[in-house]
């Protein structure tokens, strides 16, 4: 997963490139939580353009990040579903 | 003569095997020449069933998961079974968004996805004994592309 922080816009971009299942989602979640805490962005974007597979674990992860972002008063947005 | 095939796979309930299980089933049904969407649907349904066995059946402890695939003509039957703790209330478990482990960020959509992506879903479970998921999907006969000669194509 590639992580880019755009400091001017306070935008954190997560470009997910691997398959998303219950196994892989643990690493994604851990990394996403770490980077969100680290940068405290105003906006978070998940880019799924290069994701080749996703099951409901991915849905759980996105909803979880939405909730987490909302708790911190941030806006979340998903982007480019395959 | 009806096309028939069968396979059985046994593996331990480690998360790494979710990918292994879906790729194996995809490889097994490849011979039916499914569309990308059909393969994707089957892979996702298998992923959901196997994940359920790992996360709920065995609750992340180690156990054995059985995966059986049968092909009869163009119908694929997939069976995922475990000797895990079983489901207390199957109807409640099948409800969209219901999860028995909300603290794990589970979406509760596993059964809903299996039901939507496969043509048929059967759930058999006994508390303390185990759970068996049986799903069926019929792979559609693809329209064969017409083979045209260059002359025919030029004639229009």
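Can you work out the FRET efficiency for the pair residue B:27 and residue B:95, with r the C-beta to C-beta distance and R0 = 35 Å, to the nearest 0.05? Let's see the in-between values first.
On the way: r = 33 Å, r/R0 = 0.94.
Efficiency, rounded to the nearest 0.05: 0.60.
Simple spin-label estimate for residue B:73 and residue B:11 gives 3.1 nm between the two label positions (7 Å along the Cα-to-Cβ direction from each Cα). Secondary-structure-derived ellipticity at 222 nm for chain A, considering helices only, amounts to -14000 deg cm²/dmol, per-run term -39500 (n - 2.57) for DSSP H runs with n ≥ 4. Rg over Rh for the protein assembly as shown works out to 1.06, using Cα positions for both radii and the Kirkwood form for Rh. The base-10 log of I(q)/I(0) for segment B:1-124, evaluated at q = 0.17, 0.21 Å⁻¹, reads -0.87, -1.28 [Debye formula, identical scatterers on Cα atoms, solvent excluded].
Take residue B:104, project a point 7 Å from its Cα along the Cβ direction, then tell me which residues of segment B:12-52 have their backbone nitrogen under 17 Å from it. Those under the cut-off are B:12-19, B:46-52.
Using a cutoff of 8 angstrom between alpha carbon atoms and counting only pairs six or more residues apart, the relative contact order for chain A works out to 34 percent. Inter-label distance, residue B:2 to residue A:39: 5.6 nm, where each label sits 7 Å from its Cα along the C-beta direction.
Between residue A:18 and residue B:136, the FRET efficiency estimated from the beta carbon spacing at R0 = 30 angstrom works out to 0.50.
Every number in this text was worked out from the coordinates using simple rules, so none of it is lab data. Here the structure is a predicted model, which is why all the values come from computation and not from measurement. In this analysis, Cβ positions are derived from the backbone assuming ideal geometry, glycine residues included, and neighbour counts consider all displayed protein chains.
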